[in-house]
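Heads up, the thing below is written out as structure tokens.
The values are calculated or read from the model by the stated rules, or taken from the named source; none is laboratory data. What you see is a predicted model; the values in this text were computed from it and never measured. Heads up, the Cβs are rebuilt from the backbone with ideal geometry, glycines too, and the neighbour counts pull from every protein chain shown.
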Amino acid sequence: MIKKIREAARGKALPFHKKRRKGSHEYWTCGFTPVVIPHHREINEITAESICKQLEDELGEGWWR
């Protein structure tokens, strides 16, 4: 998930940085949009889609499809 976001952000010339990790979650920013990503080997499809939708303002509508 992080690799996919990083590549999309790089394609749009946006910064994508990890801010902190607390417990089993990581706090990132993509451009000016903060996003929380679970730190698990596998992420539920519904959760992954929700994270991708949060980033639509920065990366464009439907960027993950």
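If only one of Arg10, Arg41, Arg20 is more than 12 Å from the chain's Cα centre (by Cα) and part of a strand (DSSP E or B), which one is it? So the residue among Arg10, Arg41, Arg20 that is more than 12 Å from the chain's Cα centre (by Cα) and part of a strand (DSSP E or B) is Arg20. Scanning segment 18-37 finds no residues that are touching a residue at least 40 places away in the same chain (Cβ under 8 Å) and touching a strand residue (DSSP E or B) at 6+ places or on another chain (Cβ under 7 Å). In summary, Trp63 fulfils each of the numbered conditions (1) in contact with a helix residue (DSSP H, G or I) (Cβ under 7 Å, 6 or more places away or on another chain); (2) on the phi > 0 side of the Ramachandran plot with the single exception of condition (2).
Take segment 8-18 and flag every residue that is surrounded by 11 or more Cβ atoms within 10 Å (Cβ to Cβ) and either modelled with pLDDT under 95 or more than 8 Å from Cys30 (Cα to Cα) (or both). Of everything in segment 8-18, those that are surrounded by 11 or more Cβ atoms within 10 Å (Cβ to Cβ) and either modelled with pLDDT under 95 or more than 8 Å from Cys30 (Cα to Cα) (or both) turn out to be Ala8, Arg10, Gly11, Lys12, Lys18. Pro34 fulfils the conditions (1) surrounded by 13 or more Cβ atoms within 10 Å (Cβ to Cβ); (2) at pLDDT 95 or above; (3) touching a Lys or Arg at 6+ places or on another chain (Cβ under 8 Å) except for a single criterion, (1).
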